[in-house]
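Report on the structure given below.
No lab work stands behind these numbers, since they all come straight from the coordinates. In this text, all values refer to a predicted model and were calculated from it rather than measured experimentally. Quick reminder, even Gly has a Cβ in these numbers, built from the backbone with ideal geometry, and neighbours come from all protein chains shown.
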Amino acid sequence: MTHSEPLERLSFVTQQLIADFPPQWTHANKSAVHAISSPVGSIHKGEIGYSRWSRTPLPTQVDILAVIDLLTVSPDYYDYVPVSADPLAAEWHVNFADPTLFGYYGGGLFAQDEMQVAEHPALASLPDAIESNGASPVTKDTTGPTPILVSGVERRAIISTNPNRIEGRPYGLYGNNFASASSESIRRATKAITPPTISNIIAMAAPHGGHGRYSARQIEEILTIASTGFTAAVSESTLIHGKGAKTIVHTGFWGCGAFGGDRVLMAILQLLAASMAGVDRVVFHAVDSAGTGDVNKSVELITDQLTLTADSSTEVIITTLASIGFEWGFGDGN
């Protein structure tokens, strides 16, 4: 799949970005994290690239044979450790975005989007900076999905979200548990990364509000969003590393938390989208054994239900997936 130029492209010197548009943390626990990741006098290095992309039409055919070979399953959360030593490899992490880019970063919520911003605090400065340049920090507009890619952002902290009664987080820190945790437990859970590492982000908002069985139209829309974001990542990887660049996408159960998406279907659609986009590898962060089981089930369904050829019809694939009877679930409240 090929891609045209993005709707918008901007770049920011990180130190100046943060000076001009300092993050606005409205919850004390977010401020506590920031005090560790970016104490007063911190130097924020590098340059951040921003681009926003319009909907990419789906190709008429998909290489199903390539889909399974793309996949690596990680039974854990994002750790942002590169999985490739290839100097031409660009690794991207999906942000499970709100339509408004990083829209709830400053408050007490701590779902995947907000967690990523807390660990990469320069992301919090981006929306205001984008607007100041006359651009639109939205991952969806009246035309449909407009995924946003952010390259070269520092990851300055690691925040442990797992349950740990001894350290004062008996229920972990994910979601609404973060806001109710003590500031001391937040400090115990947060470790500065010195020197910071560098991450690339794909922010794309999953459809929500569905109920009952997924329709073919809904499946097509989800596939379009993911393939647009992943195709943009392939384009940006080439921009960063030139000819011969490799694109690795790290993702997880996108759209399956607050939006109640079906985990097996969302894994299938992301793998198909990656194959459509020409991604070289997908690292699926399944979090735990149950998640790993869901990813394995998605592979089994691809193998059993779809025609394993290099030129499978996209229309037939969508119709087949709709006929299986995947159903929307309920949001997890985070």
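With the simple model of a label 7 Å out from the Cα in the direction of the Cβ, VAL40 to ASP311 spans 6.8 nm. Apply the a/c threshold of 1.5 to the C-alpha gyration tensor of segment 1-123 and tell me whether it is rounded, prolate or oblate. Since a/c reaches 1.5 and a/b is larger than b/c, the shape of segment 1-123 is classed as prolate. In the elastic network of the chain, a GNM with C-alpha springs shorter than 10 Å, the most mobile of ALA274, ALA19, ALA118 is ALA19. From least to most packed, judged by other beta carbons within 10 angstrom and beginning with the fewest, LYS30, LYS191, LYS140, LYS243 follow the order LYS243, LYS191, LYS140, LYS30.
By its C-alpha gyration tensor, with a ≥ b ≥ c as the square roots of the eigenvalues, how is segment 220-334 shaped: rounded for a/c under 1.5, else prolate for a/b larger than b/c, else oblate? Please report the intermediate quantities before stating the final value.
On the way: a/c = 1.81, a/b = 1.30, b/c = 1.39.
Oblate, since a/c reaches 1.5 and b/c is not below a/b.
Would any residue of segment 234-250 have its amide N under 11 Å from a label point 7 Å out along Cα→Cβ of SER4? List them or say none. Zone members listed by number: none at all.
In the chain, the DSSP beta bridges split such that about 60 percent are antiparallel, to the nearest 5. Note on the chain: Cα-Cα pairs beyond 38 Å make up 12% of the total pair count.
Shape annotation for segment 86-156: C-alpha extents along the principal axes are 39, 30, 22 Å, from largest to smallest. For segment 229-279 versus segment 128-155, the inter-centroid distance based on Cα atoms is 17 Å. With one equal scatterer per alpha carbon and no solvent term, the Debye-computed log10 I(q)/I(0) for segment 261-328 at 0.25 1/Å reads -1.30. Fewest-first ordering of LEU149, LEU10, LEU17, LEU272 by other beta carbons within 10 Å of each residue's beta carbon gives LEU10, LEU17, LEU149, LEU272.
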